[in-house]
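Here, each number is a calculation from the coordinates, and none is a lab measurement. Given the structure is predicted, the values throughout are model-derived calculations rather than measurements. Ideal geometry is used to build each Cβ from the backbone, glycine not excepted, and the neighbour counts take in all protein chains shown.
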Amino acid sequence: HRRLKAKEGVSAEPTSENFCGGLRAANFSIANTKKLINDAIMNNDFLNKVEPQHMREMVDCMYEKVYTEGQLVIQEGEPGNYLYVLADGLLEVIQNGKLLGEMRPGTAFGELAILYNCKRTATVKAVSQSHIWALDRQTFQTIMMRTTKARHEETILKKGSILFERVVVTQSTEGLAEPQEIKTLGVGDYFGEKALISEDVRSANIVCSENDTHCLVVDRDNFNQMVGTYEELQSYLKEYIDSAEAQDLRRLKEKIALLP
Ligand code: CMP
């Protein structure tokens, strides 16, 4: 399998058997194809937060495949292994046997199963011969992880240092001067998700209780890219947070009740 990058300056006829990486020699330059893929990804609501570096790597790793009239590109209900961009041709989208719409050149698709690890949500079929660029799931994930990993900042914190400070006055501890400890977090626990999902302000302090605490950090952009655009997951997490919050409040009340 050859990549778009490796094919720079080379033209070859594509075959329908594999992702040959060849550009149609006559009327489509590599620069045009890269721009088409780039624009298609930027126009996709689920992919448009991809950073320039991600984008370059993704485009460089795509392969071209030709589908003949009537051929299925994606089958609803199957696991998803590729993310696609239609360069030329016409496709139709079918769900439960119902025609949902058409896809024209410059459309990125097949992103849902790749991004959210779900089954294909619809069938995509070639209405006429179609030239489609594909990026396999593994490569997509490797690209995304590499940059995300580079963005993970490992932070070493001194005992007592405050990672997140609430910007509003504590309200849940009536009659007590100091903020009350709600729970203890250990290795593998996560925190800081609430402000990313539901609000902008931090709802609690996270205070370091060991001498050296190592944290991995995911920034808001990366978090949103993977979670925030997916309404179902977002509402699930919101419910989860609300119930965790209710639990925290109950524990706090119990604790206050035990105080002399
Ligand atoms: P995925 O679920 O991975 O595979 C099928 C693809 O069809 C899906 O990603 C979207 O890219 C696309 N798709 C799903 N629903 C629609 C729709 N209603 N209109 C257009 N495209 C859709």
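With labels modelled as points extended 7 Å from the Cα through the Cβ direction, what inter-label distance (nm, one decimal) is found for residue 92 paired with residue 42?
Placing both labels 7 Å along Cα→Cβ, they lie 3.2 nm apart.
Pop the C-beta distance of residue 254 and residue 191 into the FRET formula with R0 = 22 Å and round what comes out to the nearest 0.05.
After rounding, the FRET efficiency stands at 0.55.
Tell me, what is the FRET efficiency for residue 71 and residue 219 to the nearest 0.05, using R0 = 35 angstrom and their Cβ-Cβ distance as r?
0.30
Pairs to check: 98/119; 65/119; 35/119; 49/183; 35/98. Give those whose C-alpha atoms are more than 27 Å from each other in this structure. Before the final figure, lay out the partial values.
On the way: 98/119 18 Å; 65/119 22 Å; 35/119 29 Å; 49/183 35 Å; 35/98 32 Å.
Listed pairs above 27 Å: 35/119; 49/183; 35/98.
Quote the FRET efficiency, to the nearest 0.05, computed for residue 119 versus residue 181 with a Förster distance R0 of 35 Å and r equal to the Cβ-Cβ distance.
Taking R0 as 35 Å, the efficiency between residue 119 and residue 181 is 0.20.
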